[in-house]
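Below is one structure, written out as structure tokens; comments come after it.
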Amino acid sequence: MRFILFILVVIGIVVFLNPFFPFWVIMIVIGLLSALLGLSGIQGFLAGGLGYGLAWLGQALFISASTGSDLPNRMGELMGLGSGMTIVGLTAIIGFFLGSFSGLTGSLLRNLFRKKPDNLYRG
Amino acid sequence: MKYIGFFIALAITVALAIAVSMPLGPVPPLAPLLDPNHGFWQNSYSEDELAKDELELSNLTSPVTVVYDENLIPHIFAENEEDLYRAQGYVTAKHRLWQMEFQTMAAAGRISEIVGPIAIELDRMTRRKGLGYGAELGLKYLQENDPEILKLAEAYADGVNQYIDQLSPGQVPVEYKILNYRPEHWTTYKSILLLKYMSDMLVGDRDLEYSNLRKILGQEMLDKLYPDFPVDNDPVIESEHLWDFTPLSVTKPDSIPFPNDLLVIDPLPQPEEGTGSNNWAVSGSKTKSGNPILANDPHLSLNLPSLWYSMQLSTPNHSVKGATLPGALGVISGFNENIAWGVTNATKDARDWYKITFQDNQRKAYRYGDEWRPTTFRIEEIKVKGENPYLDTVVYTHYGPVVYDRTFKSERQDVNFALKWTVHEGSNEQRTFIMMNKGKNHEDYNKALDNYSAPAQNFVLASKSGDIAMRIQGKFPLKWKEQGKFFMDGADPRFEWQGYIPNEQNASTLNPERGFVSSANQHPVDPSYPYYVFDNSYEHYRNRRLNNRLRELSDITTDDMKALQFDDYYLHAAEALPVMIGLLGTSFDSYPQAKKYLDELKSWDFFADPNQKAPTLFYIWWDKAYDQIWKKWSEFGVPVVEPNNYQTVRLLQITPQDPVFDVDKTDVIETASDHVKIGFQAMVKAMKEWEEKEGDYSWANYKRTSVQHLVPQFAPFSVTNIYTGGGRGILNATSERHGASWRMVVEMGDEIKAFGVYPGGQSGNPGSKFYSNFIPIWANGEYLNFNLRSKEDSEGVLFQTILK
């Protein structure tokens, strides 16, 4: 449940914050949220990645469909990637990796703090 | 263990974030480019989808209304000129910012800043020609002499800069995102530089080549193959014009010791062949409505974003509409409620070269008469992307910059040549256009032109009051015959220019009896004009076709003028082909393939329409035969120019046995017929290959007109294989990469009827639907409605924005 919730939260962050902040700010926010929600490493990785990747995928598809612009195709050709759909895919993949590693780092960060008090009491 | 895991994950994340923010070789940073919120995706929106009812523009005295018609042509309504030009800067930047800046970076020799060391030699060349130096003098001229224009130019720059400052990351033009740099502020200097850049685009010289030819061929042969005036001279100012002034005297030195070296240096890049223009005006006596009609189509490199940007600029006192140059104030080719005007290039050997003799290796002084004159050094610092700046020292003499010296493009260490060019003198072209925009009659037009120096243009005029006029305006040096045709000796003061032709003695005509004025880059005047006139690049075909048609036509309508701009008649072919077929004889009639081509050529009507096949055949045949005839010229081993098409056709026709056709190395004596036959064989061979590889050889398919993005590597932003006719030397001068970059036809009646089109679109954004939407219209010879609009006009409005 928290997994699905986190994906939705990440999508929300990208949609509402990304227009005003560059991608690396979004990465930090995803990392912090992942730490706050306490997902496991694999969950944080997948949820962060899917959230960011799906959000960028959705935005790219929305812009492409609503404007009908040929620019994605032209950019695809310019970058030697063929069609615009490849560019859509690349956008989603880059988004996925930015989100996934941020999510993973966040959950591992929380792990550090969770264990830290245990160690203190033992010592 | 947990710490290690965390730090590894953190390290990967940070490394990933850095990797996607950094350029990887030529690949720009990926995340900023692909981020749908800021990257290129945001450039998918067209201007109407981003329309705002109100935008902030500070420093206005009152609000400015901008009405966009359905073609995204802005109509700016301001209360005064300062507001008007501030808004022009703002609106132009909104649609063409990247292009404006890129063109001035090119003009300033700053391309290396954007693309790296690959452009250093190009930038050195640009700077050595002194464009930046000329623009600095132009700015100084405005500061010292013309505070009014300076204030308006500063308002324009402020408008551009306010737009740059408001620019959100997503709306940064896509080229910046791909090339990974950001716009810098605009300045008045850049506006002036842009006009200098136009000079550079339009002005060439062949002094180097003529110097070599003179040494190789001798004066007599040179005069025979390269006469100053053609036999069929049909000049800009009608031949029967009488010159009603007393010319200034020019003293020709008794003996003229031109430097006599054979010169192996790389010539400066020349304006592309096919760069030229047509303009004309017909008086009411020849038109159906009784109103004068004016037409203009400048031929330039076909580029996207287009060189031109259409606008209407209105204050309560005037309304002007037409083609603007992004970066320059006002309309360059257009019309207002009272006059219409247009421009064509009027080059007249504006660049001259002086051989410089330095005192010693220090280059601190050079010989001039009996003295040594001091030089000045200008250090050009060329910033290079990813590398240390490149420093280039350019020596300046009183003539101008020493372009060629031991460090640049010269194989000989002792050869130094300084360039003298009117572009290096303070001038005020911007005032000409601002005054012309408000002009009401022929007198205002003349006053506006008095401020104009370079690049020299044939300015055509038609006024509502019924006048038609043509004036060849530029700052033309007074020269004795052949002065500046060859490289000159800078140590000999007798080679100096002896002043300038006064403005009122520049060739001009008003309401000539023949009922029309016209220009197509041909010789400006008849030999009766009292000053020396020379240029290698004068046109010999478009002018005669144009004037022949204008003489024939009567009851002329705007549709007739549109048809004439789109006229595909190939006069060069009409004159050359019968001669060539005659020289070919019947020797190829028994070969079926050759016979097929010959039959197609023989039944041709000489129109280079897109679906015709004969133009391709003729074009290749001529090309091969011409190469064959002048092949020995390329064997001279030094830069030379070949005799032009017109002279070559005359030789073929009148003296086919001329010794000039003989190839020295062979035992037999060749004649014109031999070359034409070899050319024909080469054409048949080339056509066979073409047909096997490409199939269809209709003219449009062979010619493959393309409109190319300013960065040639951005091929997907170009439009290629455009189906359209015409070619070099044809009124519809659309060749592979050059052609009518703007077409305008205006009828100056009580109600002004105006039409215009250019091969591009109003938007500079390759993602916009307004980026190249005019190209199909242009390719079909169709036009957009360019009538003046009032602020209240509600028909065909795309959207409207108030700037305040």
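Taken as Cα centroids, the stretch A:22-47 and the stretch B:511-582 sit 73 Å apart, rounded to the nearest whole angstrom.
Amide H contacts under 5 Å for B:His299: B:Gly276, B:Ser277, B:Asn278, B:Ser741, restricted to partners 5 or more places along the chain or on a different chain, H placed in the peptide plane at 1.01 Å from N.
Evaluate peptide B:709-716: per residue, the Cβ atoms of other protein chains within 10 Å of its Cβ; return the mean as an integer. Before the final figure, lay out each step's value.
Working: counts 2, 0, 0, 0, 1, 3, 3, 9.
Across B:709-716, the average partner-chain Cβ count within 10 Å equals 2.
On the basis of the beta-carbon distance and an R0 of 35 Å, B:Tyr591 and B:Asn548 show a calculated FRET efficiency of 0.45. Computed over neighbours whose Cβ is under 9 Å from that of B:Trp353, the net charge equals 0, Lys and Arg +1, Asp and Glu -1. Distance from the alpha carbon centroid of the stretch B:357-412 to that of the stretch B:128-161 works out to 26 angstrom. Taking 0.36 nm per residue of separation and subtracting the current Cα-Cα distance, fully stretching the chain between B:Ile18 and B:Asn317 would add 102.0 nm.
Averaging the Cα positions of each part gives two centres, and for the stretch B:634-687 and the stretch B:88-102 these lie 49 Å apart. Hull volume per residue, based on the alpha-carbon atoms of chain B and their convex hull, is 201 Å³. The mean count of C-beta atoms from other chains within 10 Å of the C-beta of residues in B:768-774, rounded to a whole number, is 2. When Rg and Dmax are taken over the Cα atoms of the protein assembly as shown, they come to 31.5, 112 Å. Sorting B:Leu195, A:Leu36 on solvent-accessible area from highest to lowest, probe radius 1.4 Å, gives A:Leu36, B:Leu195. Expressed as a whole percentage, what fraction of the accessible surface of the protein assembly as shown belongs to carbon and sulfur atoms when a 1.4 Å probe is rolled over the protein heavy atoms? Here it works out to 54 percent.
Arrange the peptides B:326-334, B:56-64 so that the one whose residues have, on average, the most other Cβ atoms within 10 Å appears first. If you can, show how the numbers build up before the last one.
Values: B:326-334: 26.3, B:56-64: 15.4.
Result, highest mean first: B:326-334, B:56-64.
In this structure, the pairs whose alpha-carbon distance is over 32 Å, taken from B:Lys129/B:Lys769; B:Lys321/B:Lys479; B:Lys385/B:Lys632; B:Lys348/B:Lys632; B:Lys420/B:Lys753, are B:Lys129/B:Lys769; B:Lys321/B:Lys479; B:Lys385/B:Lys632; B:Lys420/B:Lys753.
Can you give the local net charge around B:Asn437? Use residues other than it whose beta-carbon is closer than 12 angstrom to its beta-carbon, Lys and Arg +1, Asp and Glu -1. Once all neighbours under 12 Å are counted, the net charge is +1.
If R0 is taken as 51 Å, the Cβ-Cβ distance between B:Glu337 and A:Ala65 corresponds to a FRET efficiency of 0.65.
Placing dummy labels 7 Å off each Cα toward the beta-carbon, the span from B:Lys685 to B:Lys602 is 2.5 nm.
Would you mind putting B:679-689, B:157-167 in packing order, based on average other-beta-carbon counts within 10 Å, highest first? Present the calculation step by step, with values, prior to reporting the outcome.
Details: B:679-689: 18.0, B:157-167: 20.1.
Final packing ranking: B:157-167, B:679-689.
Peptides B:84-92, B:289-297 ordered by packing proxy, namely the average of other Cβ atoms within 10 Å per residue, highest first: B:84-92, B:289-297. Peptide B:791-797 is shielded by partner chain Cβ atoms: per residue, an average of 0 of them sit within 10 Å of its Cβ. Assuming charge only on the beta carbon of Lys and Arg (+1) and of Asp and Glu (-1), the dipole of chain B about its Cα centre is about 1220 debye to the nearest 20. With a Förster radius of 35 Å applied to the beta-carbon distance between B:Asn180 and B:Asp146, the computed FRET efficiency rounds to 0.35. Annotation: the antiparallel percentage among DSSP beta bridges lying fully within chain B is about 90.
The values are calculated or read from the model by the stated rules, or taken from the named source; none is laboratory data. Note that this is a predicted model, so its numbers are computed, not measured. Here Cβ is always computed from backbone atoms with ideal geometry, including for glycine, and neighbour counts include all displayed protein chains. For the accessible areas, the whole protein counts, side chains as well, though only heavy atoms, and no ligand, DNA or RNA atoms are used. Shrake-Rupley method; radii C 1.70, N 1.55, O 1.52, S 1.80 Å.
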